[in-house]
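Novice: Before I ask anything, here is the structure I am working with.
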Ligand SMILES: Nc1ncnc2c1ncn2[C@@H]1O[C@H](COP(=O)(O)OP(=O)(O)OP(=O)(O)O)[C@@H](O)[C@H]1O
Ligand SMILES: [Mg+2]
């Protein structure tokens, strides 16, 4: 899973120093950057390093479709630590077990008790040995998990506890998630911004991951367009390798750069794209569930795996990148999305998730225009000659792929991000760099 990272020597050293310092007292590291900047990669490297040194780790990797799924992230983090949970006072233990769906639900779990229980678990575990609490994509934490986790970590005063958080944002100076900058931990909180990769690092990235060495002018153009963003550099590189993209220096890129993600999806069969849309809207997609909802056959799963859009392990589906999940959902038509939500509502057992699908099936998410109605297409003699592109890979506001918080739904930071990468006609390279 972990691949060698290029061009992140300084950032990885920063993470190492942070982990070392957090063996003395609770500390927070907020790794932040725009979509695709490489946050998860650095976060995973930190997690792997902590594990290799014998540190205990509790990790949550929320996905966009789970934001409305109460305590999903907390469950990922704690479900396996039965021992720590079992020594809690009865009331807290019961509240936590109900929250994690380990005990019969008699009434709604009392959030203050769940928060105290989580605090108790963290401090107890840290008495044994150093602990790393790691949250990727913190902007997608479901609200109850965010509430109780914030409550618990803001009250940490001592002990070897590192909070390693990756945060997708275009405004790294914005108030920290989980209100961390308003807690006792504020003084020990560090923000680690991920800058653009260097030209040389992008060259190594393409060689290492895609086994391509584009001619220098093409590479320079690719670098300008991706602005050193590894995700977009890889997507452009894939297009080059597949022959669906040609990059001529100085010419125009007629579509938002995010649209490049659509190329890979559009080359897939309709049934595979439908299967992917279903997988994207289900909180915890498995092959069986997605088959039932979308009617897809094995061939669709095989095709998506071959195209490196998803990865299937023990029947569980994971998108190879969150942006591909957003793009898969965005690529479906509103009526297809409604139909898939309806089928999901009748198939999925979890009451909370069923209710959400029912709501979207009834009202219809305010989705982006389907690709066919996108006004922006490759015009004559485009620098990027390719098939149709969707206008956006972002999930719609109010969709199940959008967090119910301002930062995740058209808030100022998101708009800034969209503008910063709108690689439109004749845009100079400087307009592609981050604000
Ligand atoms: N320094 C690097 N070296 C090699 N590959 C990298 C590096 N940084 C990122 N990548 C690759 O680029 C892609 C995007 O990286 P990653 O998923 O870490 O970005 P992200 O910032 O977490 O994105 P998102 O905001 O969507 O969560 C992944 O395929 C990852 O493997
Ligand atoms: Mg990520």
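A short reminder: the numbers here are calculations on the coordinates, not readings from a lab. Keep in mind it's a predicted model, so treat the numbers as computed, not measured. So basically every Cβ, Gly included, is an ideal-geometry build from the backbone, and we count neighbours across all protein chains shown.
Novice: Using the Cα atoms of region 1-160, I'd like the radius of gyration and the largest Cα-Cα distance, Dmax, both in angstrom.
Specialist: Gyration radius and largest Cα-Cα distance of region 1-160: 16.0, 52 Å.
Novice: For an R0 of 30 angstrom, estimate the FRET efficiency from the Cβ-Cβ distance between residue 342 and residue 246 and round to the nearest 0.05. Intermediate results must be reported in sequence, preceding the final value.
Specialist: On the way: r = 42 Å, r/R0 = 1.38.
Once rounded, the FRET efficiency stands at 0.10.
Novice: Continuing with this model, one more query. How many percent of all Cα-Cα pairs in region 92-183 sit more than 22 Å apart?
Specialist: Details: 1329 of 4186 pairs.
The share of Cα pairs beyond 22 Å in region 92-183 comes to 32 percent.
Novice: Give me the mean projected area, in nm² to one decimal, of the convex hull enclosing the Cα positions of region 125-250.
Specialist: Values: hull surface 42.8 nm².
Computing the convex hull of the Cα atoms and averaging its projections yields 10.7 nm².
Novice: I need the shape label for region 196-250. Rule: rounded when a/c is under 1.5, else prolate if a/b > b/c, else oblate, with a, b, c from the alpha carbon gyration tensor.
Specialist: Numbers: a/c = 1.41, a/b = 1.11, b/c = 1.27.
Taking the square roots of the gyration eigenvalues as a ≥ b ≥ c, region 196-250 is rounded.
Novice: Where does each of 228-234, 203-209 land if you order them by average Cβ count within 10 Å, highest first? Walk me through the intermediate numbers first.
Specialist: Details: 228-234: 23.3, 203-209: 17.9.
The most tightly packed comes first, giving 228-234, 203-209.
Novice: Still on this model: Could you list 49, 226 so that the one with the fewest beta carbons within 10 Å of its beta carbon is first and the one with the most is last?
Specialist: The most exposed by this proxy come first: 49, 226.
Novice: Can you pull the percent of Cα pairs in region 60-109 with separation above 12 Å?
Specialist: Details: 768 of 1225 pairs.
Value for region 60-109 (Cα pairs over 12 Å): 63 percent.
Novice: Which whole number in µm²/s is D for region 1-83 by Stokes-Einstein, with the Kirkwood Rh taken over Cα pairs at 25 °C and 0.890 mPa s? Walk me through the intermediate numbers first.
Specialist: On the way: Rh = 14.5 Å.
Approximately 169 µm²/s, per Stokes-Einstein.
Novice: While we're looking at this one, here's another question. For a quick check: sort 23, 129 by the number of other beta carbons within 10 angstrom, fewest at the front. Could the numbers behind the result be given before it?
Specialist: Working: 23 17, 129 11.
Lowest to highest Cβ neighbour count: 129, 23.
Novice: In which sequence would 297, 14, 341 go, from the one with the fewest C-beta neighbours within 10 Å to the one with the most? The partial results should precede the final answer.
Specialist: Details: 297 12, 14 17, 341 25.
Listing 297, 14, 341 from fewest to most nearby Cβ atoms yields 297, 14, 341.
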